[in-house]
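Heads up, the thing below is written out as structure tokens.
Derivation of every value follows stated rules applied to the coordinates shown; laboratory data play no part. This one's a predicted model, so the numbers in the text were calculated from it and none came from an experiment. Here the Cβ positions follow ideal geometry from the backbone for every residue, glycine too, while neighbour counts run over all protein chains shown.
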Amino acid sequence: MYFNKNIKYTKLNKKYTLYFFFLVLLSSVHAQTQSNFQFYGASQNSQSVRFQLINNLIVIPININGSPLSFILDTGVDKTILFNLSQSDSIGLNSVEKISLQGLGNGKSVEALLSKNNSMRIKNFASANENIYVILKDDFDVSGKMGVTIHGIIGYRLFKHAIVEVNYKTKRIYFHNPKKFINKKCRKCEVFPLEFFRNKPYLNAQIQLDTIGNKKTDVKLLIDSGGSDAVWLFENSKSEIKTPKKHFRDILGEGLSGTIFGNRSRIKEVSFGSFKIKNPTTSFLDSVSTFYARQFKSRNGSIGGNILKRFKLWIDYPNNQITFKKNGSFRGGFEYNMSGIDVAYNGKILIKELEKIFEGEFGNKQLEGHFNTVSFVSNYQFRFKPSYIIQKVLKGSPGDLAGLQKGDIILKINDENTHQYTLKQLLGKLQERDHKRIKMVVKRGFEVLRFEFRLVKKI
């Protein structure tokens, strides 16, 4: 990767934590007017693109200055951030200056670069003058937790001048020209007004914390497609939002400024309009981790990808509104990792695999009293397969009590080689059911160790 003005910058692939949230505050940044995304072509009224849905997050391809990159589409950010480029990625960035950024987490601000006058394009939906903020030290580790390479995050700039239709079931996004868009009648759709603060959208909703009674609390929630959780709530001594008695302390994720801590629990219901989402997993953030998120005093928390994916959405920034329509995932449950270990992608390793090659004739006829012959020849192939590492272990969790440690490389789970699983499939093994027995074989340094524990459902 290279920058103009003879600045060079190279980053190796890193890892990403599961719950991904940003609130970015800028210091020492000179504002500059950016051009708008526009539709190009003879009759371009809309543009569609397929996306990947990973850990409830939307990953879309974006071309920046002629280079194809992968970005998380996040309604919770108003800046375009680039944080992970490998040595194989080459992109020219223009007009670079050093700045500092501050975000969620308990750490200090981080160094970054502001690059101006960059072109961005999603097929024929493009802008020729965009600002990009480049993180110089990628401590929050994105690609490993996603299992695929993620180069950055983008939000407000794509939503500002388009009506964005998100179909989670077909994994396709449509960017519609708001001047040409025809809003078709939808009997099962509901439209809600959006309130904006620092270019981020907020939705009025209600929550029911207690399992006894029917008391509901009005809340204002950030619509956060860049958060994989269902609901985040901020405890407040002046409000009725308190962590339920049944909860456990957890690492909720990593923000721009460090680890995000809090309590994980469930609430009885979150509702908006006629939509009622029952028993969602809910994260209650501590005051240190959410100091910067609380700059908007009316905000009570966030609604994330684990709820948004249960709808078809029309996100309409130009008209300050959002439309929801339930899809087939609406009544699905809310599960979580019950092992207490945080697993990440750890690159690829060379695996020796046995392969049987067929030789000879084969048929189902008898010829002169003899059967056709079948024979196999054993052959070994070396292939690169995924490797997974334990990135964190929650103190007192089943994984911790069993003896697992940070840095252990998982070789087998329940007698199956982990290299045959995707990260999503592997994590699914850790949230299947309460008291499920988990057997693990891990590599720790030069040792191969075996562990066994049972998943514990705490909420």
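Calculated FRET efficiency, Asn183 to Arg331, Cβ-Cβ distance, R0 = 30 Å: about 0.65 to the nearest 0.05. Principal axis extents of the Cα atoms in the stretch 146-251, from largest to smallest and rounded to whole angstrom, are 49, 39, 30. Model label sites at Arg450 and Asn124, defined 7 Å from Cα along the beta-carbon direction, differ in position by 6.2 nm. Under the simplified labelling scheme, the Glu190-Gln52 pair shows an inter-label distance of 3.4 nm, with each label point 7 Å from Cα along Cα→Cβ. Extension gain, Gln420 to Ser100: 0.36 nm times the residue separation minus the Cα-Cα distance gives 111.1 nm. Between Ser274 and Gln321, the modelled label-to-label distance comes to 1.7 nm, taking each label 7 Å out from Cα in the direction of the beta carbon. One compactness figure for the stretch 139-188 is 1.59, namely its Cα radius of gyration divided by 2.2 N^0.38 Å.
Based on the mean of other beta carbon atoms within 10 Å per residue, what is the order of 154-161, 179-186, most packed first?
154-161, 179-186
So, in Å, what gap is there between the alpha-carbon centers of the stretch 111-134 and the stretch 384-429? The stretch 111-134 and the stretch 384-429 have Cα centres separated by 37 Å.
Full extension of the segment from Lys392 to Phe197, taken as 0.36 nm per residue of separation minus the current Cα-Cα distance, would add 66.8 nm.
Checking the cross-link pairs Lys245/Lys276; Lys215/Lys312; Lys116/Lys160 against a 26 Å limit on the alpha carbon distance flags Lys215/Lys312 as lying beyond it. Between the beta carbons of Lys116 and Asp434, assuming R0 = 35 Å, the FRET efficiency works out to 0.10 to the nearest 0.05.
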